[in-house]
1. Is there any pair with a first residue in segment 93-104 that is touching a residue at least 24 places away in the same chain (Cβ under 8 Å) and a second that is assigned to a loop (DSSP other than H, G, I, E, B) and more than 8 Å from the ligand (Cβ to nearest atom) whose Cβ atoms are under 7 Å apart and which are 6 or more apart or on different chains, and what are they?
2. I'd like to check something: does segment 296-317 contain any residue that is in the same structural domain as residue 160 (by TED's automatic domain parsing), within 12 Å of the ligand (Cβ to nearest atom) and either at pLDDT 95 or above or surrounded by fewer than 22 Cβ atoms within 10 Å (Cβ to Cβ) (or both)?
3. Within segment 67-82, can you find the residues that are buried (at least 24 other Cβ atoms within 10 Å of the Cβ) and in contact with a strand residue (DSSP E or B) (Cβ under 8 Å, 6 or more places away or on another chain)?
4. Quick check on segment 322-336: of everything there that is outside any strand (DSSP E or B) and in contact with a helix residue (DSSP H, G or I) (Cβ under 6 Å, 6 or more places away or on another chain), which residue is farthest from the ligand (Cβ to nearest atom)?
5. Given the criteria touching a residue at least 40 places away in the same chain (Cβ under 8 Å), closer than 18 Å to residue 200 by Cβ and over 18 Å from the mean Cα position of the chain (by Cα), does residue 259 qualify?
6. Hey, does segment 138-150 have a residue that's in contact with a helix residue (DSSP H, G or I) (Cβ under 7 Å, 6 or more places away or on another chain), in contact (Cβ under 8 Å) with a residue 40 or more places away in the chain, more than 14 Å from the ligand (Cβ to nearest atom) and not in a strand (DSSP E or B)?
7. For segment 85-104, which positions are part of a helix (DSSP H, G or I) and either modelled with pLDDT under 95 or within 16 Å of the ligand (Cβ to nearest atom) (or both)?
8. Could you check segment 154-176 and list, in sequence order, the residues that are within 15 Å of the ligand (Cβ to nearest atom) and outside any strand (DSSP E or B)?
Ligand SMILES: Cc1ncc(COP(=O)(O)O)c(C=O)c1O
């Protein structure tokens, strides 16, 4: 469905896009001067409204209902372009786990990115939507037989091997006349990432094969022995929400060291090096995000120096950003259903929660919701924005400031909501997952419709 909402929104002074501080001050409040956490197209509008992609959020909430996820198509595309421009010689692969739907697959493909998938489901959605399978990388620490069979049947470009047992399983089902390209997911022994639960570069966790205990080297040797597998490189993904380039530089150094040892031991020069994703974005005004340009410079320099020292040719660099492409393009919109003042807290309960955004409950992530749709002159009050689910831990935004007169019927918008919300959404309490509406040039179109009671009951086939 395509609906034109408010196509002639008043526009702000043309100098604004060049002054991210100005946008931040207008949308995030006085005293916030850094880059805004809102999509670049976001504009404050009359009556306390905010528009994204030229579409009024209050009108969108009216038409499509809440909870609602709005995705700014141009923001996604521009973020893809930023990566392509910063890494012109590299293969940039969008990590579909951050958020995938058919439109998203089209956009990233049109912008020249590949795709990283983690299951037969993500893979089939991408391929049936026309995504070239050879541009797809399959990941997973525990790939099911169905994942591997689907990958071989659809002809994915690369399968990233994550365990020793996977090597034999994969070799056994690869057709006799085929040679599947694979990489080894290496654990380089680096602690990085915004929370213990998303640190995947350290030894002793479920992902990858360690350099320290030799399992990465062992996997390399086993793959080189398999006629039906072609080892094309090393991969690592050291964690998520990483705000500094230093861990990536260290990872490159360690992986180049391993490339050199592989050449010494096996006489094989591997042509690719994949450094995963994990680039931090700002969820609240003032939070740092990873600078993609700085990352590109430092990684390129380390790779060139390391390869020169080891007398290795430069491998093709690959990277897999997910959150940094989808996250800042999304805005979640909720209606307030109840406001409760207890002894110490004010709870503002909205019509969504942990079923559409489990991240605060999982990792204690903090967001910056904003009242939209009316102006309030009430002094701010510190409140806890909670969801509607049957868990005391169903908190969307702890200790945030909202106008003191926030009340049922108000609309709250949460920026930086495009990644790891709906892709991690659940069926808890059977409330139905929210729709995703793309906005661009004043047009709103539904990409994913709201999950209906009918959708949910259709799966329930027993008596
Ligand atoms: C192998 C791999 N690549 C890329 C990503 C994307 O990470 P991010 O969305 O933080 O960029 C992940 C995230 O879990 C991952 O596991």
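The values are calculated or read from the model by the stated rules, or taken from the named source; none is laboratory data. In this text the structure is predicted, and so the values were computed from the model without any measurement. Cβ: placed from backbone, ideal geometry, glycine included. Neighbour counts: every protein chain shown.
1. Hits for this filter: 93/113; 94/113; 99/418; 102/129.
2. Looking through segment 296-317, none of the residues is in the same structural domain as residue 160 (by TED's automatic domain parsing), within 12 Å of the ligand (Cβ to nearest atom) and either at pLDDT 95 or above or surrounded by fewer than 22 Cβ atoms within 10 Å (Cβ to Cβ) (or both).
3. Residues satisfying the conditions are 67, 68, 69, 70, 71, 72.
4. So, considering only residues that are outside any strand (DSSP E or B) and in contact with a helix residue (DSSP H, G or I) (Cβ under 6 Å, 6 or more places away or on another chain), the one farthest from the ligand (Cβ to nearest atom) is 329.
5. no
6. no
7. 86, 96, 97, 98, 104
8. Taking segment 154-176 as the starting set, the residues that turn out to be within 15 Å of the ligand (Cβ to nearest atom) are 156-163, 166.
The answer is 156, 157, 162, 163, 166.
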